[in-house]
Amino acid sequence: MKKVMYFLWTGGWDSTFRVIQLYKRGITIQPIYVIDHNRPAAQKEIETITLLTKQIEQKFENSNGKILPVKLIKRKDIESSVYLKTIFKLIKRRRPIGKQYYWLSCLAQKYDSLEQCFHKEDRDQLISIDELIEIKDETGGRNWVVNPKKIGFLRSQLFKNIRFPLIYLSKLEMKHYAEDHDFIDIMDNTWFCHRSGEKPCGKCAPCKQYVIDGFGYRLSQLS
């Protein structure tokens, strides 16, 4: 029986690019989506995952990959950790950090080797590539994990069970790759706005990041 890879999928650009990478390698993927009721676009993201799954299966029908039905987990149901909460609070005193990185690290205790799809120009990047060690993972591809000798103790503890497979790529490089390998049509159906499921708001962090990355055209494309 094939090993199942648990994967956090939001229906966004970076995580979808990674799903396609894994699917083409013949990996069985168990998508996990964390439901945050404070996120207005949650339903849109779940619908997008369903759409993208169908498109990926059709586009790469000759692959041995498989995408299992998405596993929905309510954020409030993720088992908390006093230790990780303390680590998170100490980091937050020193630098801005979103609360999602606390529950992500908690989730990674249950689903080991969860992946965070930072790309190399991500403005929310809490880790740089020179603080990581490159490994060859179970899929036969490149991946990165924290290097305890290069990263501070606090962040090493928060991210020790998390991998960073896209840290060597920019969004633009992913776009060029998708165009060259004929799946840009799938990538253009990804969703990114956190505040709206109708059209991009242009004001939330992901919308601003898209403009910084040179993807401002997608805001008008989806409006």
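The values are calculated or read from the model by the stated rules, or taken from the named source; none is laboratory data. Computed from a predicted model, the values in this text were never measured in an experiment. Positions of Cβ are backbone-derived with ideal geometry, glycine not excepted, and every protein chain shown enters the neighbour counts. Accessible surface is based on the protein model in full, side chains and every heavy atom, while ligands, DNA and RNA are left aside. Shrake-Rupley method; radii C 1.70, N 1.55, O 1.52, S 1.80 Å.
Report whether or not residue 114 is open to solvent by less than 40 Å² (accessible area, probe 1.4 Å) and within 23 Å of residue 94 (Cα to Cα). Against the criterion (open to solvent by less than 40 Å² (accessible area, probe 1.4 Å) and within 23 Å of residue 94 (Cα to Cα)), residue 114 does not qualify.
Residues of region 19-41 that are out of contact with any helix residue (DSSP H, G or I) (no Cβ under 8 Å at 6 or more places or on another chain), buried (at least 21 other Cβ atoms within 10 Å of the Cβ) and within 27 Å of residue 217 (Cα to Cα): 41 alone.
Scanning region 11-30 for residues being without any contact (Cβ under 8 Å) to a residue 60 or more places away in the chain and either of a type in the set (Gly, Ala, Ser) or farther than 18 Å from residue 137 by Cα (or both) gives a total of 1.
Just one of the listed residues (169, 219) is among the aliphatic types (A, V, I, L, M), open to solvent by less than 60 Å² (accessible area, probe 1.4 Å), within 28 Å of residue 58 (Cα to Cα) and in contact with a Pro (Cβ under 6 Å, 6 or more places away or on another chain), namely 219. Among the residues making up region 173-210, those that are buried (at least 17 other Cβ atoms within 10 Å of the Cβ) and of a type in the set (A, V, I, L, M) are 174, 178, 186, 187.
Of all residue pairs spaced 6 or more apart or on separate chains, those with beta-carbon atoms under 7 Å, a first member in region 163-191 that is free of Cβ contacts under 8 Å to residues at least 60 places away in the same chain and a second member that is among the polar types (S, T, N, Q) and not in a loop (DSSP other than H, G, I, E, B) are 163/143. In summary, helices (runs of 4 or more DSSP H) completely within region 157-223 and bearing 2 or more residues that are within 20 Å of residue 51 (Cα to Cα) occur at 171-180, 184-187, 217-221. Just one of the listed residues (215, 183, 192) is over 15 Å from residue 12 (Cβ atoms) and of a type in the set (A, V, I, L, M, F, W, C), namely 183. Residue 84 meets the conditions (1) open to solvent by 70 Å² or more (accessible area, probe 1.4 Å); (2) modelled with pLDDT of 90 or more in every case but one. The failed one is (1).
Checked against (1) over 23 Å from residue 21 (Cβ atoms); (2) assigned to a loop (DSSP other than H, G, I, E, B); (3) modelled with pLDDT of 95 or more, residue 90 meets all criteria but (2).
From the list 44, 54, which residue is assigned to a helix (DSSP H, G or I), without any contact (Cβ under 8 Å) to a residue 60 or more places away in the chain and open to solvent by 20 Å² or more (accessible area, probe 1.4 Å)? Talk me through it step by step, then tell me what you get.
Working: 44 fails: without any contact (Cβ under 8 Å) to a residue 60 or more places away in the chain.
After applying the criteria, what remains is 54.
Among the residues of region 57-86, just one is of a type in the set (Phe, Trp, Tyr) and part of a helix (DSSP H, G or I), namely 83. Summed over region 117-146, the residues that are closer than 30 Å to residue 76 by Cβ, surrounded by fewer than 16 Cβ atoms within 10 Å (Cβ to Cβ) and either touching a His at 6+ places or on another chain (Cβ under 7 Å) or of a type in the set (Asp, Glu) (or both) give a count of 1. Exactly one residue out of 149, 160 is open to solvent by 50 Å² or more (accessible area, probe 1.4 Å), closer than 19 Å to residue 102 by Cβ, over 16 Å from the mean Cα position of the chain (by Cα) and not polar (S, T, N, Q): that is 160.
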